[in-house]
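Asker: I'd like to ask some things about the structure below.
No value in this document is a laboratory result; all are computed from the given coordinates. Computed from a prediction, not measured in an experiment: that's the story for all the values here. No Cβ is skipped: glycine too gets one built from the backbone with ideal geometry, and neighbour counts run over all protein chains shown.
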Amino acid sequence: MSFTHPTGTRGARQPGRLYRWMNRLILGRARRTDATTMGMNLLVLTTIGRKSGQARTTPLAWFPGPDDGWLVVASAGGATANPAWYLNLAAHPDEVTVEQGGRKVAVTAEELHGDERAQAWQRITAEAANFRRYETTTDREIPVIRLTPKA
């Protein structure tokens, strides 16, 4: 379960206030329903802040993973650095929950590497072309994270 913390030398700006405002608007919908929002499947990821120790919630697009799990992408819109939720996952990969469709599930987070990441990335970009654009915006390798329900 190693997290690589890749940082690039070029990329888009980190998402700002408008993005955070939109996230607050869609949090409730993502928690309540399995329906797509803006053409994407959404879940609510709750992590523990690496510095604050406080619970942090983030709505994220997800893609089907193996064993009833979820795949999420730490794209930050193609920014040079990873989003804060990724750094929180890296610090506390076993203290994570996913909310979706009215249910809350404790999960374990694992970053994919090598061929496993390449295969997942190919499936993700085939389904959501915007992630392919993020990849060309930055020179960092965008992390793909597998969220697996705990037994």
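Asker: Considering every pair of different Cα atoms, what Kirkwood radius, in Å, is found for the range 44-85? Display every interim value, and only then the final one.
Answerer: Values: mean 1/r = 0.0853 Å⁻¹.
One decimal place: 11.7 Å for the Kirkwood radius.
Asker: Tell me, what is the Rg over Rh of the range 27-151, with Rh the Kirkwood radius over Cα pairs?
Answerer: Numbers: Rg = 13.7 Å, Rh = 14.7 Å.
Answer for the range 27-151: 0.94.
Asker: What's the ranking of 70-80, 48-58 by average number of surrounding C-beta atoms within 10 Å, highest first?
Answerer: On the way: 70-80: 22.2, 48-58: 13.0.
Most protected by this proxy first, the peptides run 70-80, 48-58.
Asker: Here's something else I'd like to know. What FRET efficiency do you get for ALA55 and THR4 if R0 is 25 Å and r is their Cβ-Cβ distance, rounded to the nearest 0.05?
Answerer: Working: r = 25 Å, r/R0 = 0.98.
Efficiency for this residue pair is about 0.55.
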